[in-house]
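Only the coordinates and a few stated rules stand behind these numbers; no lab work does. It should be emphasised that the depicted structure is a prediction, and the values quoted were computed from it without experimental measurement. Please note: Cβ atoms are built from the backbone with ideal geometry, for glycine as well, and neighbour counts cover all protein chains shown.
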Amino acid sequence: MKRKYGLLGIITALLISVFVGYSFKANTVAAKTKALKPIIIQGPMPIEAEKFASKLKNVKVEKSGSFVFYKGTLDHYPVVVTKTGKGMENTAAATAVAIEKYKPVAIINQGTSGGHDSNLNVFDIVLGKRTTNIGSLKTGSKDENQGMDPTVWKPMDLMASEGSAGEDPNAEKPRYYEGNKNLLAVANAVKSKYTAGKVVEGTIGSADVWNNEVDRIKWFHTNYGTSVEEMEGAAAAQIAQAYNVPFLGIRVLSNNKTNGGKYNPNSAEACQEYVFEVVKKYIATEPTK
């Protein structure tokens, strides 16, 4: 009987040891994950955010105002997908809330866009080497009944000085927000995995305007160097810069008026699949923050 109890005791001790070891490892991973600063992935509409969110594990949904945050993990690394809503104001507010709430290590603003470059096709992706506000403009000076002439409007840099941007000649230029070099390098490193179109670096233009006039689109392409336009990226980039958070815009062409490319909503999912690969690569290569 002593021998029997001795063997049972050894087995019990081994099982306890394994269980304690497993629990310790699980708790260590959980604690490490909790201590890491998350990556934030932004998408304006449900079709631009929810596919990515569905790929995360241990998802918890949080809300603040009209903004929805999907907190989860990818390869044990914390990721927060933000459904910002459309437009510059929504995106600026959602970005500020997310930074204050989650203290992110980086922000990627992604989704669909309209083409400004006739060499780009629907499903091509533009990595935002630069992002700029194409809705910040200064008109020419005309009196009553002299009409309007948008072709002579000038870019206006609202951040150029503390004074009046409309009266400051130094403000008559676009302001570009540079994409973070590390994020850009990671995005380029996985572009061969994207097979629905090509991936290029370019300039993303943002404004609360939907441009359908080809000559107007060409005007932006010439005067701002824009590759695509959308309604959110520059606002997110501005707030990210204010908080010194690394930022990158990634936009897929859902249509291109300059070459007849028809709107395809499936491009939104294709973009999220690519951004998923970008985030996996970032997690694997960037140092722990």
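Observations on the structure shown:
- When the chain is treated as a Gaussian network with alpha carbon springs shorter than 10 Å, the biggest mean-square fluctuation among Asn182, Asn145, Asn244 belongs to Asn145.
- Computed [θ] at 222 nm, helices only, for the chain once each DSSP H run of length n ≥ 4 contributes -39500 (n - 2.57): -12000 deg cm²/dmol
- Linear extension gain, Asp143 paired with Asn264, 0.36 nm per residue minus alpha-carbon span: 39.2 nm
- Taking the square roots of 5 times each eigenvalue of the Cα gyration tensor of region 169-257, largest first, gives ellipsoid semi-axes of 22, 20, 11 Å.
- Ranked list, fewest to most other Cβ atoms within 10 Å of each Cβ, for Lys63, Lys51: Lys63, Lys51
- Straight-distance crosslink candidates among aspartates and glutamates, where the alpha carbon sits under 17 Å from Lys101 and sequence neighbours closer than 8 are dropped: Glu62
- Net +/- balance of residues flanking Val209 in space, Cβ distance below 11 Å, scoring K and R +1, D and E -1: -3
- Rounded to 5, percent antiparallel among DSSP beta bridges of region 117-235: 30
- 18 Å Cα-Cα reach of Lys181 towards aspartates and glutamates, excluding residues that sit fewer than 8 places from it in its own chain: Glu201, Glu277, Glu286
- Computing Cα Rg over 2.2 N^0.38 Å directly from the structure and comparing it against (i) 1.26; (ii) 0.93; (iii) 0.98 singles out (i).
- Neighbourhood charge, 13 Å Cβ-Cβ cut-off, centred on Val68 and excluding it, Lys, Arg +1 and Asp, Glu -1: +2
- Long pairs among Lys37/Lys173; Lys154/Lys257; Lys63/Lys257; Lys218/Lys280; Lys63/Lys129, criterion Cα-Cα beyond 26 Å: Lys37/Lys173; Lys63/Lys257; Lys218/Lys280; Lys63/Lys129
- Ranked list, fewest to most other Cβ atoms within 10 Å of each Cβ, for His221, His116, His76: His76, His221, His116
- Each label was represented as a point 7 Å from its Cα along the Cα-to-Cβ direction; for Ala284 and Trp153 these points are 4.5 nm apart.
- Of all DSSP beta bridges in the chain, antiparallel share, percent nearest 5: 45
- Euclidean distance of C-alpha centroids, region 178-215 and region 99-173, integer Å: 16
- Ordered by the number of other Cβ atoms lying within 10 Å of each residue's own Cβ, fewest first, Asp143, Asp75, Asp168 fall into the sequence Asp143, Asp75, Asp168.
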